[in-house]
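A quick write-up on the structure given underneath.
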Amino acid sequence: MSDSPGHGPPRIAFVIGTGRCGSTLVHEILARHPDNGFVTNLDDKGIRTSSRIQNQAWRRLPAAVTTKGRFRFAPSEAYRVLAREVSPALVDPVRDLLAADATPWLTGRMQAFVGRRTARLRSEVFLHKFTGWPRTGFLQACFPGCAVIEIVRDPRAVANSWLQMPWWHGHRGPGEWHFGPLAPEQQAAWEGHGRSFPVLAALAWQMLTDASDRARSEVPADRWLTVRYEDIVADPRTSLSSLLTHLGLEWTPDFETGFNRYSIQAARTDAFRRDLAPADLAAIEDVLSGSRAFTELYA
């Protein structure tokens, strides 16, 4: 890798996850690689379109500049600018976005959004993150051959974290939350557990991971890589190396410098055991007992 822009169009790649799954940490560390171009939150705020200079400037800064709850400069999911330049349907859909949703009008706007940024970023890879619904059916239709990195995390940890977020609307029930109606069997499970909010959060995780399972089946195996957050924090160097390989990039001295800006610890991977009552954990495990992702990865 050199600091000069590559030749030809960039490779397109997306990091996806349920939210509160560690995808932000992964996206930010990968963005430290000089060959990854990304949208910053300055773009999201309408200050200016993300550029190669912005990316280079961010890489020179410590990891603390991404801290939330204060003025920050960081890679962004860019939902505000995506809503303006593409469509709100991409930002907060009531269901997953599929290939069938890639109408010529919407596809053209999405391709134009990425095209404007890649022209200014001039990177080997354009790397963007989406949380919530995977949207990969739509994204693959817009960018055939794009790479996908899926970050999964223990649903008990995700549910626990969601419940503590001010933007989480699960306390209003599935009629007013982010993900649309529950399936009849999920509604019955929720009712059977006294409309428990931790159970509802776990069912949201199930909805999103089931959507990812369906989406993954439509993508060539070599284009989709799923990594557990728990494995990343247990052995970050090995995990990040596999993610770079998936993007067609090498672990360079510049990336080593960026990687070393982060202190990655596994201390909070089981914080849910302190924050949730034993009865809540038992209820979550009960409603997820039939979930492939839970039983294969975490049960």
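Sorted on the mean count of surrounding Cβ atoms within 10 Å across their residues, most packed first, peptides 147-159, 211-223 read 147-159, 211-223. Indicate the gyration tensor shape class of segment 20-179 (rounded, prolate or oblate), computed on the Cα atoms with a ≥ b ≥ c the square roots of the eigenvalues: a/c under 1.5 is rounded; otherwise a/b larger than b/c is prolate and the rest oblate. Because a/c hits 1.5 or more and a/b fails to exceed b/c, segment 20-179 counts as oblate. Roughly how far apart, in whole Å, are the Cα centres of segment 117-164 and segment 31-71? Using only Cα atoms to place each centre, the spacing works out to 17 Å. Only Lys, Arg, Asp and Glu carry charge here, each on its Cβ (+1 for the first two, -1 for the last two); on that basis the chain has a dipole of about 1240 debye about its Cα centre. Once C-alpha pairs closer than 8 Å and six or more residues apart are averaged by separation and normalised to the residue number of segment 12-297, the relative contact order reads 25 percent.
The relative contact order of segment 158-299, computed from alpha carbon pairs under 8 Å that lie at least 6 residues apart in sequence, is 26 percent. According to the calculation over all Cα-Cα pairs in segment 12-297, the P(r) per 5 Å bin from zero is 1, 5, 12, 16, 19, 17, 14, 9, 5, 2, 0 %.
Counting Lys and Arg as +1 and Asp and Glu as -1 over every other residue whose Cβ lies under 15 Å from the Cβ of R195, the net charge comes to -3.
Computed over neighbours whose Cβ is under 13 Å from that of W224, the net charge equals -1, Lys and Arg +1, Asp and Glu -1.
Were the residues from K68 through I47 laid out at 0.36 nm apart, the gain over their Cα-Cα distance would be 5.7 nm. Protection proxy ranking for 108-118, 170-180, 65-75, 197-207, using the average of other Cβ atoms within 10 Å per residue and placing the highest first: 197-207, 108-118, 170-180, 65-75. Between A99 and S289, take the C-beta separation as r, use R0 = 30 Å, and let me know the FRET efficiency to the nearest 0.05. After rounding, the FRET efficiency stands at 0.40. Per-residue packing, averaged as other Cβ atoms within 10 Å, sorts the ranges 10-21, 280-291 into the order 10-21, 280-291, beginning with the highest. With contributions of -39500 (n - 2.57) from each DSSP H run of at least four residues, the per-residue ellipticity at 222 nm computed over the chain stands at -13000 deg cm²/dmol.
Please give me the summed charge of the neighbours of A64: other residues whose Cβ is under 10 Å from its Cβ, Lys and Arg +1, Asp and Glu -1. Once all neighbours under 10 Å are counted, the net charge is +3.
Quick note: the coordinates plus some simple rules give every number you see, no bench work behind them. Since this is a predicted model, take the numbers as computed values, not measurements. Virtual Cβ from ideal backbone geometry, glycine too; neighbours counted across all protein chains shown.
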